[in-house]
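The values are calculated or read from the model by the stated rules, or taken from the named source; none is laboratory data. Because the structure is a prediction, the values reported are computed rather than measured. All Cβ positions, even for glycine, are placed from backbone atoms using ideal geometry, and neighbour counts span all protein chains on display. Side chains are part of the model used for accessible areas, which takes the heavy atoms of the whole protein and leaves out ligands, DNA and RNA. Shrake-Rupley method; radii C 1.70, N 1.55, O 1.52, S 1.80 Å.
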Amino acid sequence: MTVTKHILVLHTGGTISMTENSEGDIIPSQHNPLLGADSFVPADVELTTEEIFNLPSPHMTPERMLELVKRIRQAEKEGSDGVVITHGTDTLEETAYFLDLTLDSAMPVVVTGAMRSSNEIGSDGLENLQSAIKTAASDDSRNKGTLVVMNDEIHTARFVTKTHTTNVATFRTPTFGPVGLVTKDGVRFFQELINQEICAIDHLVDKVFLIKAYAGMDGTLFDALPEDTHGLTIEALGAGNLPPTTLPAIQRLLDRNIPIVLVSRCFNGVAQAVYNYEGGGVQLKKMGIIFCQGLNGQKARIKLQVGLSDGKQGQDLADFVDNAVS
């Protein structure tokens, strides 16, 4: 006996809901072209669609992400079997990871988008949406955290990242690869992540910043942070090193009890306290900087903000951020 799955699709905007005008510019549509498009929905799926936002991806904020979290929690209480979120690709990985950190649910939550607008040749929006719905309706997708489905691949929100400005195969998982595929026959998983700690927050701490290191950098940017800064993430050089001229300003931030998280600006690999010279990772760790392994800068910032919003401080915060498997 076939069981009908009730899937809620939350549209938030982005290229997947945009159109190309006569000048070739991609612009937001007053009417989302995906609303009412359901002829591709599998027979065993009952779809409910809702336009919760209609925002270009750069307009997304953590406050909007928290609104999504609250709507998804409500959907589960109302009996949804899974949720799909359509989203612009520029900040998709940040929203997906925010959901991954804050939703304490076995229900599948899948984020998707498109690299080509609805009326461009080769538009990928409907295909990605169909794949995301299949994934959300699969029993095998339960208890896997938030997933990102694009271009027939299933990625974890934790490690996926946008790697190309325009290519439809832009979303990749460096180092680890996708955890599954969407095929004609259904959804297939080949890997699984270790479970992570969930922070079921209902509010947000603000003023959590991200700064990228570069050759010849000094303390100017660090000293320019506002007095009410709550946290900072640094994309450091190589395995996790900084120019020595940044150290006095960084120490001033640490003296103000501002937690500082460090990741590598490299595309692959993890930050480690390997080098023992001035500005090297060994010294930075001794100073009290928290090393975050496996995440890129934008996701480490999200994780720091979520941890702070959950009330974590001191060693509890460091353990949460530093945990390589969460």
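Please work out if Leu101 is in contact with a helix residue (DSSP H, G or I) (Cβ under 6 Å, 6 or more places away or on another chain), crowded, with 23+ Cβ neighbours inside 10 Å, modelled with pLDDT of 95 or more and assigned to a helix (DSSP H, G or I).
Working: in contact with a helix residue (DSSP H, G or I) (Cβ under 6 Å, 6 or more places away or on another chain): yes; crowded, with 23+ Cβ neighbours inside 10 Å: yes; modelled with pLDDT of 95 or more: yes; assigned to a helix (DSSP H, G or I): yes.
Against the criterion (in contact with a helix residue (DSSP H, G or I) (Cβ under 6 Å, 6 or more places away or on another chain), crowded, with 23+ Cβ neighbours inside 10 Å, modelled with pLDDT of 95 or more and assigned to a helix (DSSP H, G or I)), Leu101 qualifies.
Of Thr156, Thr135, Thr161, Thr112, which residue is in contact with a helix residue (DSSP H, G or I) (Cβ under 9 Å, 6 or more places away or on another chain), of a type in the set (S, T, N, Q), closer than 25 Å to Gly294 by Cβ and surrounded by fewer than 21 Cβ atoms within 10 Å (Cβ to Cβ)? Quick ask: steps written out before the conclusion?
Working: Thr156 fails: surrounded by fewer than 21 Cβ atoms within 10 Å (Cβ to Cβ); Thr135 fails: surrounded by fewer than 21 Cβ atoms within 10 Å (Cβ to Cβ); Thr112 fails: surrounded by fewer than 21 Cβ atoms within 10 Å (Cβ to Cβ).
Answer to the selection: Thr161.
Could you grab me the full set of residues in the stretch 195-247 that are among the acidic types (Asp, Glu) and crowded, with 19+ Cβ neighbours inside 10 Å? Steps first, please.
From the stretch 195-247, those among the acidic types (Asp, Glu) are 197, 202, 206, 218, 223, 227-228, 235; that's our starting set.
The answer is Glu235, and nothing else.
Give the stretch 240-273 a look and list any residue that's over 22 Å from the mean Cα position of the chain (by Cα) and modelled with pLDDT under 95, or say none.
Matches in the stretch 240-273: Gln272, Ala273.
Of (1) open to solvent by less than 50 Å² (accessible area, probe 1.4 Å); (2) part of a loop (DSSP other than H, G, I, E, B); (3) in contact with a strand residue (DSSP E or B) (Cβ under 6 Å, 6 or more places away or on another chain); (4) not aromatic (Phe, Trp, Tyr), Asn128 satisfies all except one. Which?
Exception for Asn128: condition (2).
Looking only at residues in the stretch 295-325 that are assigned to a loop (DSSP other than H, G, I, E, B) and within 13 Å of the chain's Cα centre (by Cα), which one is surrounded by the most Cβ atoms within 10 Å (Cβ to Cβ)?
Leu295
List the pairs whose first member sits in the stretch 199-219 and is in a strand (DSSP E or B), whose second member is open to solvent by less than 40 Å² (accessible area, probe 1.4 Å) and acidic (Asp, Glu), and whose Cβ atoms are under 8 Å apart, counting only residues at least 6 apart or on separate chains?
Close Cβ pairs satisfying both conditions: Leu210/Glu235; Ile211/Glu235; Lys212/Glu235.
From the list Arg71, Arg64, pick out the single residue that is in contact with a strand residue (DSSP E or B) (Cβ under 7 Å, 6 or more places away or on another chain), of a type in the set (Lys, Arg) and either more than 21 Å from Ile201 (Cβ to Cβ) or modelled with pLDDT of 95 or more (or both).
Just one listed residue meets the conditions, Arg71.
Can you tell me which residue in the stretch 151-171 is nearest to Gln130 (Cα to Cα), limited to those that are touching a residue at least 60 places away in the same chain (Cβ under 8 Å) and hydrophobic (A, V, I, L, M, F, W, C)?
Phe171
For the stretch 88-98, what are the residues that are among the β-branched types (Val, Ile, Thr) and either touching a strand residue (DSSP E or B) at 6+ places or on another chain (Cβ under 6 Å) or not in a helix (DSSP H, G or I) (or both)? It would help to see each step written out before you state the result.
So the first thing to find is which residues in the stretch 88-98 are among the β-branched types (Val, Ile, Thr), and the list is 89, 91, 95.
Once the filter is applied, which keeps residues that are among the β-branched types (Val, Ile, Thr) and either touching a strand residue (DSSP E or B) at 6+ places or on another chain (Cβ under 6 Å) or not in a helix (DSSP H, G or I) (or both), the stretch 88-98 yields Thr89, Thr91.
Of the residues that make up the stretch 276-285, is at least one touching a Ser or Thr at 6+ places or on another chain (Cβ under 9 Å) and within 23 Å of Asn323 (Cβ to Cβ)?
Scanning the stretch 276-285 turns up no residue that is touching a Ser or Thr at 6+ places or on another chain (Cβ under 9 Å) and within 23 Å of Asn323 (Cβ to Cβ).
Name the residues in the stretch 164-186 that are open to solvent by less than 50 Å² (accessible area, probe 1.4 Å), in contact with a strand residue (DSSP E or B) (Cβ under 9 Å, 6 or more places away or on another chain) and outside any loop (DSSP other than H, G, I, E, B), would you?
Hits for the stretch 164-186 are Phe171, Gly180, Val182.
Just checking, which of Val187, Val148 is without any contact (Cβ under 8 Å) to a residue 60 or more places away in the chain and under 20 Å from Leu295 (Cα atoms)?
Residue meeting the stated conditions: Val148.
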